[in-house]
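First comes the structure, then the notes that go with it.
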Amino acid sequence: MAKEFKNSRDVAFYIKSKLTKKGNTTYFMTKKLDKECLDEEPQGFEVFEKPDSRTIFIRRRKPNKFGLKGVNTIKKELEKNKNVADFRIDVNGDEVKVYTTDIEASRESIFDGGLSQLLNSKDKLDFFKKRFQRYEERMRIKLMEKKEEKEYLVYRYCYRGSVDDWIIIDAGEDLIEMAKNLQLIGTEEYFERYRLR
């Protein structure tokens, strides 16, 4: 029986495989259930939902180079940020992508307007917020390793038309110190920080 994967909007997806022109096997997600859908994830792959687009895709699994302690350090700094209403993180090998929803976006959402008056339960309101809340990728932390040395690079997105790309705002060997940059999310300083490298 084909394995089903549901995104946060309760849309079901399935895994299919196909051969490339070179004869290699590639995998993709589909909403169409048929006999060609796989009954399990291929070994070495994982199904992932992108928080900003809610798109589900399949990718090669990469070992978490930050470890549980490193991931918890990042989560703790995000929890301290009063401008962040909610967050999601994607740990993929040597990189962590941080997606957030800010407080202002939450206040202005339809869930705090007329719809919230129609709902008779806080649980229902929370469900709708989680299901339809919009996330944006705000920062990335990348681990660079050379022999015995480690360095963490912190990136933010540059919204200037001439750049429109991820730029480095900080770098260092201490993840605890680098994670403190997450306090910039939702502040004016976020847009002012950059580092020449």
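Some notes on this structure:
- Unique residue being surrounded by fewer than 14 Cβ atoms within 10 Å (Cβ to Cβ), of a type in the set (V, I, T) and either touching a Phe, Trp or Tyr at 6+ places or on another chain (Cβ under 9 Å) or closer than 19 Å to Y157 by Cβ (or both) when the list is T101, T55: T55
- Residue check, Y14 more than 25 Å from R138 (Cα to Cα) and either in contact with a Pro (Cβ under 7 Å, 6 or more places away or on another chain) or in contact (Cβ under 8 Å) with a residue 60 or more places away in the chain (or both): no
- The criterion of at least 2 residues that are over 23 Å from I168 (Cβ atoms) is met by the following strands (runs of 3 or more DSSP E) wholly inside the range 1-104: 12-19, 25-30, 45-49, 56-60, 84-92.
- Cβ pairs under 7 Å, 6+ apart, first in the range 151-177 and within 13 Å of R138 (Cα to Cα) and in contact (Cβ under 8 Å) with a residue 12 or more places away in the chain, second aromatic (F, W, Y) and in a loop (DSSP other than H, G, I, E, B): I167/Y194; I169/Y194
- Among the conditions (1) in the same structural domain as A179 (by TED's automatic domain parsing); (2) over 30 Å from L184 (Cβ atoms), the only one that V71 does not satisfy is (2).
- Test: F5 is more than 29 Å from E177 (Cα to Cα) and under 19 Å from the mean Cα position of the chain (by Cα): yes
- Annotation for the range 1-15: no member residue is of a type outside the set (S, T, Y) and closer than 30 Å to K150 by Cα.
- Residue match in the range 148-165 (condition: at pLDDT 95 or above, out of contact with any His (no Cβ under 8 Å at 6 or more places or on another chain), exposed (fewer than 15 other Cβ atoms within 10 Å of the Cβ) and closer than 23 Å to V71 by Cβ): yes
- Residue that is of a type in the set (D, E), at pLDDT below 95 and in the same structural domain as E151 (by TED's automatic domain parsing), where the choices are D86, D90: D86
The values are calculated or read from the model by the stated rules, or taken from the named source; none is laboratory data. Treat the numbers as computed from the prediction; the structure is a model and nothing was measured. Using ideal geometry, Cβ is built from the backbone for each residue, glycine included, and neighbour counts are taken over all protein chains shown.
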